[in-house]
1. Quick one: Karplus J couplings for segment 33-39, per residue in order, coefficients 6.51, -1.76, 1.60, θ = phi - 60°, nearest Hz, x for Gly and Pro?
2. From the residues Ala9, Pro29, Thr46, which one has its Cα farthest along the dipole of segment 2-106 in the positive direction, the dipole being from +1 and -1 charges on Cβ of Lys/Arg and Asp/Glu about the Cα centre?
3. Amide H of Asn6 versus every other amide H placed in the peptide plane: which residues, excluding those fewer than 5 positions away on the same chain, fall under 5 Å?
4. Given H placed on each backbone N at 1.01 Å, which residues far from Gly66 in sequence or on other chains put an amide H within less than 5 Å of it?
5. Please list 3J(HN,Hα) in residue order for segment 64-69, calculated via the Karplus relation 6.51 cos²θ - 1.76 cosθ + 1.60 where θ = phi - 60°; whole Hz, with x for glycine and proline.
6. Which of the trypsin sites (Lys or Arg not before Pro) found in segment 1-110 are in a DSSP loop and have at most 10 neighbouring Cβ atoms, other than their own, within 10 Å?
7. What's the longest uninterrupted piece of the chain once you rule out the GluC sites (Glu not before Pro) that are loop residues per DSSP with at most 15 other Cβ within 10 Å?
8. Around Arg43, which amide H atoms from residues at least 5 apart in sequence, or from another chain, sit under 5 Å from its own amide H, with H modelled in the peptide plane?
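Every number in this text was worked out from the coordinates using simple rules, so none of it is lab data. Everything numeric here is computed off the predicted structure, so don't read it as measured data. Methodologically, a virtual Cβ is constructed for each residue, glycine included, from the backbone with ideal geometry; neighbour enumeration extends over all protein chains shown.
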Amino acid sequence: MVTIKNFKAITKSDGEKFFALIVEGGVQPVKSQNTGRIYFTTRSATVPTTFDEAICKQVIGEAFNGDIVKVDCEPYDYTIEQTGEVIQLSHRWEYKDEALDVMENMVVKKNQKIK
């Protein structure tokens, strides 16, 4: 399950603006690389929408199926807000709904031949 926690306005390079929802997954245990101890955390992802600001405000708190999953990507610099430290990451967190993936794989595409 994921919950909509917030939203933000995003401006594309061409000046066009849109809103994205910030979704958060459930609590999960993680083992610290530094201490080896277990702590609890949540993962969040930003998902683009076709919503206006009013709708984004309305849907905060809504929960629905899906998970936040780790996806490999090209390395990029990330600044830790609390410390100002810049680190390099090669992953991002994305929203994924397994049911949507299954449905998409079961639908016959327009020009697809059935064997």
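1. Result, ordered by residue: 6, 7, 9, x, 8, 8, 9 Hz.
2. Pro29
3. Amide H to amide H, under 5 Å and 5 or more residues apart or across chains, Asn6 pairs with Ile22.
4. Residues meeting the criterion, in which the H sits 1.01 Å from N, are Val2.
5. With the stated coefficients, segment 64-69 comes to 7, 5, x, 9, 9, 10 Hz.
6. Lys12, Arg37, Lys109, Lys110
7. It works out to 17-61.
8. Answer set, sorted by chain and number: Gly25.
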